[in-house]
1. Report the label-to-label distance for residue 261 and residue 235 in nanometres (one decimal), using points 7 Å from each Cα along the Cα→Cβ vector.
2. About the Cα centre, and with charges only on the beta carbon of Lys, Arg (+1) and Asp, Glu (-1), how big is the dipole of the chain? Nearest 20 debye, please.
3. Let me spell out the model: positive unit charges on the Cβ of Lys and Arg, negative unit charges on the Cβ of Asp and Glu, origin at the Cα centre of region 233-315. What dipole size does that give, in debye rounded to 20?
4. Between the DSSP loop rule and a limit of at most 16 other Cβ atoms within 10 Å, which trypsin sites (Lys or Arg not before Pro) in region 250-321 are left?
5. Output the 0 to 90 degree angle, nearest 10, between the alpha-carbon long axis of helix 62-72 and the longest principal axis computed from the alpha carbons of the chain.
6. Rank-order 20-27, 38-45, 112-119 by packing density, defined as the average count of other C-beta atoms within 10 Å over each peptide's residues, highest first.
7. Under 16 Å from a point placed 7 Å out from the Cα of residue 39 along the Cα-to-Cβ direction: which residues of region 72-114 have their backbone N that close?
8. Which order do the peptides 171-181, 325-335, 186-196 take when ranked by the mean count of other beta-carbon atoms within 10 Å per residue, highest first?
Amino acid sequence: MPSMSPNNPPHPERWMKVCPEGLYVEPGGFYVDPLRPVERAVITHGHSDHARPGHAKVLATPGTLAIMRQRLGEGAGGFQQALEYGEAIRIGEVTVRLAPAGHVLGSAQVILEHAGSRVVVSGDYKRTFDRTCAPFEPVPCDVFITEATFGLPVFRHPPDLGEVRKLIHSLEIFPERTHVVGVYALGKCQRLITLLRAAGYDRPIYLHGALEPICTLYEGFGIALGELRPATVAAKEELKGALVLAPPAAVADRWARRLTDPVVAMASGWMRVRQRARQRGVELPLVISDHADWDELTQTLDDVGAPEVWVTHGREEALVHHATQRGIRARALALVGFEEEGA
Ligand SMILES: [Zn+2]
Ligand SMILES: [Zn+2]
């Protein structure tokens, strides 16, 4: 063992390891967002690439645990422990806290303190204001492990209300056509609804059946969504000129095409890439992302002030290069298995 003197703490790379199961915190004996079932997991948020089934013990925010129970049932974890934002818990030789990540309801950064060093695992995050979750909180640290889903300077998300106004405008100029918007079930769906309400759209919003349970869960956590109606049972006639939200896969198949002359829209950070929109047959691309764009990523490096950054989960090279130029020790962390469910 290295000396434990506070002047010479063991470097975090000696106690945080990338294993086949995922990111392992050795002195605590737990993993963060493991890919395979493990004895002890700390989960940043409920998206399926982070919250996987079958762990014996799970620690997460109350919101994330509720989402996991709804989506995974029995698989949500043998023993579940809720940790509120800001509360501290000791696991082995590590002090663990959670801070808001601003990504989806319950999403958290994981703050790890051991032997005089503090490491923050961002999980997925964004800095844009979102009525459906607590805002990202920058936490000063020695090592910041950041996602980089949109880690290229070309990715700059436009203001979200502007995108929503495009949708409302289209509804006004095509009053006979059903507008079907592809949204991820967890996070994007509820955020889009709150944005529409904030922009003054107060008509009922119709939901594909796959989106209903998670909307109900959000409402249970106090997120007002206005009047929602099931789209599956609604008559075709009622849906003329109406707004229907559906999972991206449903928008791409026959489900959407049975509607009257639908306007197909999609809300995703990837809609910034025109080719992706065209490939998916999207007539109305809406660039609305639950991940930090380039400016938010670089701003966050400034805000947390970490002398060292590990980049994961996307386009690592550009952000590593940017950080290095600013005198930050930076490297790509070879974590695999993240599929950007909520992009
Ligand atoms: Zn992710
Ligand atoms: Zn996510």
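Values quoted throughout were computed directly from the atomic coordinates according to the rules given, and no laboratory measurement underlies them. All of these numbers come straight from a predicted model, not from anything done at the bench. For neighbour counting, all protein chains shown are included, and Cβ atoms are generated from backbone atoms with ideal geometry for every residue, glycine included.
1. Computed distance between label sites residue 261 and residue 235 equals 2.0 nm.
2. 680 debye
3. 780 debye
4. Filter output for region 250-321: 258.
5. Between the helix axis and the principal axis of the chain, the angle is about 60 degrees.
6. 38-45, 112-119, 20-27
7. Within reach of a label on residue 39: 78-79, 91-94.
8. In descending order of packing, they fall as 186-196, 171-181, 325-335.
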